[in-house]
Amino acid sequence: VVEIFDRPRFFHLGYDEETLAAQRDCRYVVLRQGAMWWHDFLWFVKVTEKAGCRPWMWSDYAWHHKEEYRKYMPKSVLQSNWYYDKSFDSAMMGDKAFRITTYEWLDKEGFEQVPTGSNLRHATNFPDTVRFCDSHCNAGRIRGYMMATWARTFASHESKALDAARILGEVRKKRGSNLYC
């Protein structure tokens, strides 16, 4: 894949939704856990770096495995924590506060990241994600921001993608470049 795409600077490995809850509707499920998860993940990191790309991943695993992350996660792996809801007040979020506090935790631990927002549920989420991370994280560790629209590429879903482009344009105009889509 690296050769086909002319050695991209970044290579996203995924590694999100590797939980039974995320795959509960699948007919066949195989989940890696513990040492097997780390064995396979670190192999992908090694192969990606050997191919000349920087590994990039969703940070879901950090939500519930911070000590393992601290111990095993290479700092070379670019992180994309994500949060798509409306409130950024962790005191109001109860047991889901870990989704936004992980931006701060990754920063404190020295990981570089591309925080991710969306217009999936709320039009204000992406600008609020940028605002939250700009005020709670070290700018030197933010490599950019990403909009995850999660809209199907059918003509009937075109408005969601166009809305995402509009939101990105507005945020970029206010903040400057350094945004990814």
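Things worth noting here:
- For segment 139-155, backbone phi angles converted through the Karplus equation (6.51, -1.76, 1.60; θ = phi - 60°) give residue-by-residue couplings of 4, x, 9, 8, 8, x, 10, 10, 9, 10, 6, 6, 9, 5, 8, 9, 4 Hz, Gly and Pro being listed as x.
- HN-Hα J in Hz across segment 164-172 - Karplus 6.51, -1.76, 1.60, θ = phi - 60°, x for Gly and Pro: 4, 5, 4, 4, 4, x, 5, 5, 5
- For K50, a cut-off of 29 angstrom between C-alpha atoms picks up these lysines, skipping any fewer than 8 places away in its own chain: K66, K71, K75, K108.
- Accessible area (Å², per residue) of the chain, counting only protein heavy atoms and a probe of 1.4 Å: 59
- On Cα atoms only, tilt of 125-136 relative to the major axis of the chain in degrees: 70
- Neighbour-limited loop hits for GluC sites (Glu not before Pro), segment 23-122 (at most 16 other Cβ within 10 Å; DSSP other than H, G, I, E, B): E109
- Selection among C133, L78, S118 by position relative to the dipole of segment 43-181 gives L78 as farthest towards the positive end (Cβ unit charges, Cα centre).
- When the solvent-accessible area of the chain is split by element, carbon and sulfur atoms take up 55 percent of it, the probe being 1.4 Å.
- Unit charges on C-beta of K, R, D, E only; dipole of segment 54-160, Debye: 220
- Convex hull of alpha carbon positions in the chain: directionally averaged projected area 12.0 nm².
- Per-residue Karplus couplings for segment 43-50, computed as 6.51 cos²θ - 1.76 cosθ + 1.60 with θ equal to phi - 60°, are listed in order as 5, 4, 4, 4, 5, 5, 5, 4 Hz, Gly and Pro entered as x.
- Square roots of five times the Cα gyration tensor eigenvalues for segment 19-109, Å: 24, 19, 12
- The chain: relative contact order as a whole-number percent, Cα under 8 Å and 6+ apart: 16
- Charge dipole magnitude, Cβ of K and R +1, D and E -1 - the chain, Cα centre, debye nearest 20: 360
- Extreme residue, positive dipole direction of the chain, given options V47, T102, M146 (C-beta unit charges): M146
The values are calculated or read from the model by the stated rules, or taken from the named source; none is laboratory data. Being a predicted model, the structure only gives us computed values, none of them experimental. Virtual Cβ from ideal backbone geometry, glycine too; neighbours counted across all protein chains shown. Accessible surface is based on the protein model in full, side chains and every heavy atom, while ligands, DNA and RNA are left aside. Shrake-Rupley method; radii C 1.70, N 1.55, O 1.52, S 1.80 Å.
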